[in-house]
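What follows is a single structure, written as C-alpha cells, with notes after it.
Here, each number is a calculation from the coordinates, and none is a lab measurement. This structure is a prediction, so every number in the text was calculated from the model and none was measured. Ideal geometry is used to build each Cβ from the backbone, glycine not excepted, and the neighbour counts take in all protein chains shown.
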Amino acid sequence: AFGKALRTNSAITELYLDNNNIGDAGATSLAGMLSVNSTITLLTLGNNKIGHVGATAFGKALRTNSAITVLTLGNNNIGDAGATALAGMLSVNFTITVLTLGNNN
C-alpha cells in the first residue's frame, strides 16, 4: 500500500517503517516506489524480515534514485546476495551517505 501511494507523493521526505514484518514482497514494492519517487531522503526498514530478494530490489532501484541519502536495513536477513546487490548499487549511486546493514545474515 505504501509503495503504490508514495509513487506520486511529493510531501513525504522521511519514512520510518522499522518492525513491521514487511518482508521481501513489501520491500520490493517500496523499492519500486523509490525508482520514481524523488522526495524521500530517509528510509528505515530495520527488523522487517527482508531477505536477499528485497535487498536486491533496493539495489536495483537505488541505481537511479538520487534522493535517498539514508537507508537502514539492519536486523534483516539480506544475506550475501542482497549485500552484493547493494554494494553494486554503491558503485553508481553517490547520493547515499548512510547505509546501515548491521545484524544481517
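A simple charge model with +1 on the Cβ of Lys and Arg, -1 on the Cβ of Asp and Glu and nothing else charged puts the dipole of the chain at about 240 debye relative to its Cα centre. Recomputing Cα extents along the principal axes in Å from the coordinates shown identifies the correct label among [x] 37, 32, 23; [y] 45, 26, 24; [z] 34, 29, 18 as [z]. Per-residue extension of 0.36 nm, minus the Cα-Cα distance of Thr41 and Ser10, leaves a gain of 10.0 nm for this segment. Backbone phi angles across region 100-105, fed through the Karplus curve with coefficients 6.51, -1.76 and 1.60 (θ = phi - 60°), yield HN-Hα couplings of 9, 10, x, 6, 10, 8 Hz in residue order; Gly and Pro are listed as x.
Restriction of the chymotrypsin sites (Phe, Trp or Tyr not before Pro) in region 11-105 to DSSP coil positions whose beta-carbon has at most 15 other beta-carbons within 10 angstrom yields Phe94.
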